[in-house]
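Q: For reference, the structure I am asking about is given below.
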Amino acid sequence: MRILRRILLAVLALVALLWAGLAVYAYWPVPAVTAPARELAGPADRFVMVDGMELRYRSFGARSPGRPALVLVHGFANSLQSFRLLAPLLAADFHVVTPDVPGFGLSAKPATHDYGNASQARVIADFAAALGLEHYIVGGHSMGGTLAVYVAASDPHVTGLVLLNPGIITTGVPAFMQHPVWPLPRVMARLFATTGFRASSLRRAFLDPALVTAPMIADVMLAARSTDYLDGMTALMSQYRTGEEPAMAHRVHVPTLIVWGKQDRSKPAGEAEAVRALIAGARLVTVPQAGHYVHEEQPAAVATAITAAARDWRGQEGD
């Protein structure tokens, strides 16, 4: 019994030491290298106030009565830069708008904001309204696909839905995020502010790691350079939860396109068909030689699929 007690005490001491180390890492002061979001913005960036928060966005393609609007929502820990390849390819047929979701990119990151999916989806819908988009298609990648489902299920102004390897059944969010116990949310916020960590995680998600370039990583890391990053990201990380996504998908009643990178290593076999089955009448297009970031690995194929689907939807309206 004494040996077992000593082993137990040693294990508890090791856990306590590890926890103390995590707390030190989480709250250890770092040199201030942050700046206001507007100082980090580029010439193509625009900002708009939505629900008391300033959101960054970019637009592609002229806005005109005969051209459908398309709002594209990025994935977790990313930003509008994720659509840098896809959006220009769609500009001839759509008025494309790519916002940074609150908590990400150069959009506001208030520590008091509700970062749950339903709340974030309301912000996206209010963002579209703030830009005067009376009718629009909403699309999203990974986490952005989840938010797009919520928007499509709740906003009557949505006319179509585009999902790019969405996080509806399995989220793709790292397992260590699913237990937001102190000080883990702040530890994760610090990790995601580390260039090496972000570059490594992105390279694992791409079939061809060479596509993850230094300029791309620099764009992704702009979020961590903004003044409100650490407190906002800590709040965001502490609010992680899932559960309602499949139910929300059943409530979608607009034409839906699912574009799926066939070699997505973060998803189990058969998930694409399972997602399609959740949404009545959904069309599934699988793209070879593409993984989780299908729109960055095969942007031309994705643009072709979206353009063809939107034309079919408009033809159905005419009928």
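The values are calculated or read from the model by the stated rules, or taken from the named source; none is laboratory data. Every value quoted in this text rests on a predicted model; they were computed, and no experiment measured them. Using ideal geometry, Cβ is built from the backbone for each residue, glycine included, and neighbour counts are taken over all protein chains shown.
Q: Could you tell me which residue of region 226-271 is surrounded by the fewest Cβ atoms within 10 Å (Cβ to Cβ), considering only residues that are among the basic types (Lys, Arg) and closer than 16 Å to Thr146 by Cα?
A: Arg241
Q: Assess whether Gln316 counts as being exposed (fewer than 14 other Cβ atoms within 10 Å of the Cβ) and over 29 Å from Met216 (Cα atoms).
A: yes
Q: Within region 286-296, take every residue that is more than 22 Å from Tyr150 (Cβ to Cβ) and of a type in the set (Val, Ile, Thr) and give me the one that is surrounded by the fewest Cβ atoms within 10 Å (Cβ to Cβ).
A: Ranking the qualifying residues of region 286-296, first place goes to Thr286.
Q: I want to confirm something. Restricting to region 194-206 and keeping residues that are buried (at least 19 other Cβ atoms within 10 Å of the Cβ) and among the aliphatic types (A, V, I, L, M), which single residue is farthest from Val33 (Cα to Cα)?
A: The qualifying residue farthest from Val33 (Cα to Cα) is Ala205.
Q: If you don't mind, another one. Please go through region 110-121 and pick out each residue that is in a helix (DSSP H, G or I) and surrounded by fewer than 19 Cβ atoms within 10 Å (Cβ to Cβ).
A: Ala118, Ser119
Q: Only one of these is in a helix (DSSP H, G or I) and at pLDDT 95 or above: Ala218, Ala189. Name it.
A: Ala218
Q: Given the condition in a loop (DSSP other than H, G, I, E, B) and farther than 16 Å from Thr171 by Cβ, answer yes or no: does some residue in region 137-147 qualify?
A: Checking region 137-147: not a single residue is in a loop (DSSP other than H, G, I, E, B) and farther than 16 Å from Thr171 by Cβ.
Q: Give Ala249, Ala303, Ala310, Ala235 a once-over and let me know the one that is closer than 15 Å to Ile169 by Cβ and either in a loop (DSSP other than H, G, I, E, B) or touching a residue at least 12 places away in the same chain (Cβ under 8 Å) (or both).
A: Just a single option satisfies the conditions, and that option is Ala249.
Q: Can you tell me which residue within region 263-288, out of those that are outside any helix (DSSP H, G or I) and among the β-branched types (Val, Ile, Thr), is farthest from Trp313 (Cα to Cα)?
A: Within region 263-288, the match that is farthest from Trp313 (Cα to Cα) is Val287.
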